[in-house]
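Notes follow once the structure below has been shown.
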Amino acid sequence: LLRSAKNDDVLKAKLLGFLQGEAQRLKSAALTNLLEPVATAALGKVRETIEGVIQRLEEQDNQDTEKQTWCASELKSNEKNRRSKTVMVDELNADIDRLNASIISLGEDIGSMQKDLSDSAEAMANATEIRQQEKSMNAATIEEAQKAQAAVLEAINALKEFYESSGLALVQRSKEPAMTGAYGGMTSETGGVVSLLETISADFARLEADTKSEEQSAAEEFDKLSSDYKINKAEKETDLKHLQSTKVEKTSQLATKGSELQSGEQELAAALQYYEELKPPCVKGGEAWKEREEQRQEELESLKKAMDIMSAASA
């Protein structure tokens, strides 16, 4: 019995020396805390104590492994989420820039189109006013020419009646002046007056015809101008409605993109915030895990060697 007790003391001393050396080498609190129980407890109790420490370290290792697995999954998911939200926000900003540029361009095109329509309407109004004035002047000219022709014809007829009633009708056609028993005037002069009146009447008739021709040409030209204006106006109004409709559509799209951007920025901010929350336990903590894992594995290795020392002694 004394020999057995002595052997136990030798084994405990050997075991204690080994554990003390490993605790110092590894700077291990777990092994340091184990020294007193090993020194004071019975050898059988020492085995239980070491096995308990081994179990506790293995449980800690499993817990850390689970945490590392969870962190790796969360970091990967968060990185994917941050990347996708960043791409989405960038794309939405680009879409908004394009829509703003398009809306500005459409606004300029609409303004230009409205000005063209206004200028065309003003030009057509001026042309219509000029045409009305021209038409009134031509009508007045034609009326005056017709009245003048009627007055000249009336004068010619009056002269002819006067000549016939005075017996000067035949003499009027004579090329030489002659005297009758009674005074009949100069036949060349009377003939010249009728000829002059007929020339004046022909001038008025030509003025009437020319004015009517000019009026017809002017009317046809104005009708063509008016027709072209109406066609051009209809085309531009159609284009204007299309531009305005497109601008309304783009403005609606801009509002939608703005709402999507606001939501996207909030989601990105949340992802970034979550990443900041993951940093302490998962990024910085990951480095500590690696150190703890290496430390724990060496501690477990030392404890298993201690168990081997005890097993070898009892064999």
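The values are calculated or read from the model by the stated rules, or taken from the named source; none is laboratory data. These figures come from a predicted structure and were not determined experimentally. Methodologically, a virtual Cβ is constructed for each residue, glycine included, from the backbone with ideal geometry; neighbour enumeration extends over all protein chains shown. For accessibility, only protein heavy atoms count, side chains too; no ligands or nucleic acids. Shrake-Rupley method; radii C 1.70, N 1.55, O 1.52, S 1.80 Å.
Accessible area per residue for segment 229-315, computed on protein heavy atoms with a 1.4 Å probe, is 65 Å². Among the protein heavy atoms of the chain, carbon and sulfur supply 53% of the accessible surface, probe 1.4 Å, non-protein parts ignored.
Could you pull out which residues in segment 120-142 have an amide N less than 15 Å from a spot 7 Å beyond the Cα of Y229, following the Cα-Cβ vector? Counting only backbone N, you get 120-135. Once Rg and the Kirkwood radius are both taken over the C-alpha atoms of the chain, their ratio Rg/Rh works out to 1.85. Relative to the longest principal axis of the chain, what angle (0 to 90°, nearest 10) does the C-alpha long axis of helix 29-40 take? On a 0 to 90 degree scale, this one is about 20. Remark: segment 64-167 carries 65 Å² of accessible area per residue (probe radius 1.4 Å; ligands, DNA and RNA excluded). Relative to the longest principal axis of the Cα atoms of the chain, the long axis of helix 285-314 lies at roughly 20 degrees. Sorted largest first by accessible area at a 1.4 angstrom probe radius, with every protein chain in place, the residues W70, W289 fall in the order W70, W289. Taking Cα atoms only, the orientation of helix 43-165 departs from the longest principal axis of the chain by about 0 degrees.
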